[in-house]
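Peer 1: Questions regarding the structure given below will be posed in turn.
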Amino acid sequence: MAIFNSMKSLFVLIALVALGITGCSSQRINTKSSVMEYLYPTAENYLVTTSTPHLKLPLRVGVAFVPESSDNNSSNNIWTGKSYSGQITEFKKNQILERVSDNFRELKFVSSIEVIPSAYLTPGGSFSNISQIKTMYGIDVIALVSYDQVQFTDEGALSLSYWTIVGAYLVSGEKNDTSTLMDTVVYDIESKSMLFRAPGTSRVLGKSTLVNLSEELRADSIKGFEDAADDMVINLKNQLSVFQERIKENPEKVKVSHRAGAGSLGFVPLIILLLLLVASRLRKYNHSLK
């Protein structure tokens, strides 16, 4: 009986340790970059004065990811010792920005697209930082891309609410659940007015053992970003069409004009034309001397 009680106590101890380890592995990883934190870092920024947008065609557009939030968290796998943060890489960011840029390149009223490196956007830089980028790249409009990804590894149903430029989103989660929101907000820099936005969402349900949890979370994170970007790009195409129609139907809300010389011969073609004209006159003059 004593041996039985000892064995029973040992099993109970092992079970408690196992539960403790499992509890330590439960986590909720949140990785995000917020347009709200970038444009409105303080209460004073909410008082920024906006005006009626004046779009001078053709537009020069910049696209960029806003800086990552300072409260992003990470985790450590107690079985392997590997650390995992869920942050999106610069390479993946550039891929997404190129896809966003492709939508603007298709527009006849857009003359150029500039992909802005993340290093040029200062956390909490607000519109003063955007004005610096405007001067540096000569852009009129900027498309700011942000994301918010939540990964749950806890047992049972969970939820988390996070804020975007237009309000809160409620994300419910289950074990090994990756929920991602990606958002493109387009601003006219001079007027500091938002022209339109296009969100994209995704949800990835994964399966993993404790040992390969970090690898599984990383793979789910990448797929979550890719799927959310796909959804966002589709919505961006639709919102660009809606925006064009809105300008036609409500011209008082957005003023549109054409740049001086737009639609006419440019400076270089004009020089070439003048040179050809001079050459033609010289040929006629030489011919008259013969």
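The values are calculated or read from the model by the stated rules, or taken from the named source; none is laboratory data. Quantities reported herein were computed from a predicted structural model and do not represent experimental measurements. When we count neighbours, we look across all protein chains shown, and the Cβ atoms used for this are built from the backbone with ideal geometry, even at glycine.
Peer 1: Taking Thr31 and the conditions (1) surrounded by 11 or more Cβ atoms within 10 Å (Cβ to Cβ); (2) of a type in the set (S, T, N, Q); (3) over 19 Å from Val150 (Cβ atoms); (4) at pLDDT 60 or above, which numbered condition does it fall short on, given that it satisfies the others?
Peer 2: Thr31 satisfies every listed condition except (3).
Peer 1: Look at Glu190 and say whether it is farther than 20 Å from Asp220 by Cα, modelled with pLDDT of 95 or more, surrounded by fewer than 20 Cβ atoms within 10 Å (Cβ to Cβ) and out of contact with any Pro (no Cβ under 8 Å at 6 or more places or on another chain). Show your work before the answer.
Peer 2: Working: farther than 20 Å from Asp220 by Cα: yes; modelled with pLDDT of 95 or more: yes; surrounded by fewer than 20 Cβ atoms within 10 Å (Cβ to Cβ): yes; out of contact with any Pro (no Cβ under 8 Å at 6 or more places or on another chain): no.
For Glu190, the condition - farther than 20 Å from Asp220 by Cα, modelled with pLDDT of 95 or more, surrounded by fewer than 20 Cβ atoms within 10 Å (Cβ to Cβ) and out of contact with any Pro (no Cβ under 8 Å at 6 or more places or on another chain) - is not met.
Peer 1: Write out, first by first residue and then by second, each pair whose Cβ atoms fall under 7 Å of each other, whose residues are 6+ apart or on separate chains, and whose first residue, in region 105-125, is outside any loop (DSSP other than H, G, I, E, B) while the second is of a type in the set (Ser, Thr, Tyr).
Peer 2: Ile113/Ser101; Glu114/Tyr137; Val115/Ser101
Peer 1: Would a scan of region 228-238 turn up a residue that is among the basic types (Lys, Arg), in contact with an Asp or Glu (Cβ under 9 Å, 6 or more places away or on another chain) and either buried (at least 18 other Cβ atoms within 10 Å of the Cβ) or within 30 Å of Ile133 (Cα to Cα) (or both)? Show your work before the answer.
Peer 2: Step one: of region 228-238, the residues among the basic types (Lys, Arg) are 237.
So of that shortlist, the ones also in contact with an Asp or Glu (Cβ under 9 Å, 6 or more places away or on another chain) come out as 237.
So of that shortlist, the ones also either buried (at least 18 other Cβ atoms within 10 Å of the Cβ) or within 30 Å of Ile133 (Cα to Cα) (or both) come out as 237.
Within region 228-238, one or more residues are among the basic types (Lys, Arg), in contact with an Asp or Glu (Cβ under 9 Å, 6 or more places away or on another chain) and either buried (at least 18 other Cβ atoms within 10 Å of the Cβ) or within 30 Å of Ile133 (Cα to Cα) (or both).
Peer 1: A follow-up question, please. Is it true that Gly86 is modelled with pLDDT under 85, within 29 Å of Gly125 (Cα to Cα) and outside any strand (DSSP E or B)?
Peer 2: Details: modelled with pLDDT under 85: yes; within 29 Å of Gly125 (Cα to Cα): yes; outside any strand (DSSP E or B): yes.
So Gly86 passes the test.
Peer 1: Any chance region 258-271 includes a residue that's surrounded by 13 or more Cβ atoms within 10 Å (Cβ to Cβ), closer than 12 Å to Ala198 by Cβ and either at pLDDT below 90 or in contact with a strand residue (DSSP E or B) (Cβ under 9 Å, 6 or more places away or on another chain) (or both)?
Peer 2: Taking every residue of region 258-271 in turn, none turns out to be surrounded by 13 or more Cβ atoms within 10 Å (Cβ to Cβ), closer than 12 Å to Ala198 by Cβ and either at pLDDT below 90 or in contact with a strand residue (DSSP E or B) (Cβ under 9 Å, 6 or more places away or on another chain) (or both).
Peer 1: Count, please, the residues in region 181-206 that happen to be over 21 Å from Asn103 (Cα atoms) and touching a Gly at 6+ places or on another chain (Cβ under 9 Å).
Peer 2: Of all residues in region 181-206, those over 21 Å from Asn103 (Cα atoms) come to 190-192, 203-206.
Applying the additional criterion that residues be touching a Gly at 6+ places or on another chain (Cβ under 9 Å) yields 203-204.
Total meeting the criteria: 2.
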